[in-house]
1. In Å², and per residue, what accessible area does the chain have when probed at 1.4 Å with the other protein chains present?
2. Using a Förster distance of 30 Å, how high is the FRET efficiency between R88 and K155, based on the Cβ-Cβ distance and rounded to 0.05?
3. May I ask you to work out the translational diffusion coefficient for the chain at 37 °C, viscosity 0.692 mPa s, via Stokes-Einstein with Rh from the Kirkwood sum over Cα pairs, reported in whole µm²/s?
4. Return the equivalent ellipsoid semi-axes of the range 192-317 as a descending list in whole Å, where each equals the square root of 5 times an eigenvalue of the C-alpha gyration tensor.
5. Below 12 angstrom from the Cβ of V272, what's the summed charge of the other residues (Lys, Arg +1; Asp, Glu -1)?
6. Can you work out ³J(HN,Hα) from phi for every residue in the range 189-198, in order, using Karplus 6.51 cos²θ - 1.76 cosθ + 1.60 and θ = phi - 60°, giving whole Hz and x for Gly and Pro?
7. Which entries of K258/K309; K55/K241; K235/K309; K164/K248 have Cα-Cα distances beyond 28 Å here?
8. Can you work out the Karplus-derived ³J(HN,Hα) for every residue in the range 160-177? Use 6.51 cos²θ - 1.76 cosθ + 1.60 with θ = phi - 60°, whole Hz, and x for glycine or proline.
Amino acid sequence: MLLTCVIGLIACTEAPKEEQKKDKAVPVETMTATKGDISSFYNTTATLEAPQEAKVLTRVAGLIANIKVEEGMLVEEGQLLASIDAERQQYELDRTNAEVLIIEQELQRLKQMKNQEYISADNLAKLEYNLQAAKARRDLSALQVKESQILSPIKGVIAARYVKQGNMVREFDPLFHIVSQAELHGIVYLPEQQLSQLQLGQEALLVASHSPNTQIAADVLRISPVIDSSNGTFKVTLRVKNPDGQLKTGMFTKVSIKFDTRNNAVLVPFNVVIQQDNQQAIYVINDNKAARRQVTLGYRQGDTVEIIKGINAGDVVVSRGQHNLKDQSLVELLTPNVSDAMATLPVTNQANH
């Protein structure tokens, strides 16, 4: 009877231990490491500039008769922007036209005379000279009449209007500021260590502060061969297509310049990587246990990171709950293993070098 009691007591004490051991399983979520392409980017900032812009000046003094455009309007090259009252210039053009006509008639009359010996060669030469001078005055008057019509020198957007209808303007007064924004330039300054990694046509991504979720493609247009000795940087000009006009001259943007791309790399979300004992590690699931694997990281692109060493594509890794684990911890899977989770990884987001 005593032996039976002892056996029963042992059985009663072992059962709670087994239940307690089961209770120690750490709940985790998992996903599968996959293969894909990942790029290395250099992150910096850029200020956008218009490659084409024009300050429209008047070459004729006078009264602004009318204004055809306003700020923000798109104008074509050669489009009429404003008119200056050119009535005085038109009178002068009419006078010089008449002067040219009189001299031409006189020359024609002299040349048609039968007795050419009575015509002085000096007088004929003087008339020829007067005709050329009269034509020059006529052409100048015609130019002033033409310049009273203010035309756009480029295709672009009216950025500023400096005058109003009825204003009196003097020669060379500014009237409009026009910028072409179909294509913009992003100006960045990179440290000289990056010079060897840049080449013309290299891809880049821009993110404007007013639209942080929208990325705009760009490429390297020019690379300055000169290093600024005061700060050790060199100038890089990016070409930015802007067909929709969402970017504006003077806008401040974030820039990611693509340096390199690796194909068929082992990829996981960056948040699965933990820092333990001054080492970077990932927990891999094997027989309901979490095995700690020390990893070497490669490129990081947005929320995605490349694993150079430590795990392989197809390994089931802990994506949530890994901070509560130790090596060989018993785990409880809360969600099924989803290998397609990596399909949602952003492969074009702004990345870190």
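1. On the way: 21210 Å² over 353 residues.
Accessible area per residue, the chain: 60 Å².
2. Working: r = 32 Å, r/R0 = 1.07.
Calculated value: 0.40.
3. Numbers: Rh = 28.2 Å.
Stokes-Einstein gives a translational diffusion coefficient of 116 µm²/s.
4. Values: eigenvalues 284, 71, 35 Å².
That gives 38, 19, 13 Å for the three semi-axes.
5. Values: positive: R293, R320; negative: E29, D303, D315.
Net of charged neighbours comes to -1.
6. In residue order, the calculated couplings are 10, 10, x, 4, 5, 8, 4, 6, 9, 9 Hz.
7. Values: K258/K309 23 Å; K55/K241 23 Å; K235/K309 37 Å; K164/K248 25 Å.
From the list (K258/K309; K55/K241; K235/K309; K164/K248), the Cα-Cα distance tops 28 Å for K235/K309.
8. With coefficients 6.51, -1.76 and 1.60, one gets 7, 10, 9, 10, 10, 4, x, 5, 8, 10, 9, 4, 6, 6, x, 10, 9, 10 Hz.
The values are calculated or read from the model by the stated rules, or taken from the named source; none is laboratory data. Predicted, not measured: the structure shown is a model, and the values here were computed from it. Here the Cβ is made from the backbone with ideal geometry for all residues, glycine too, and neighbour counts use every protein chain on show. Heads up: the accessible areas ignore ligands, DNA and RNA and are worked out on the full protein's heavy atoms, side chains in. Shrake-Rupley method; radii C 1.70, N 1.55, O 1.52, S 1.80 Å.
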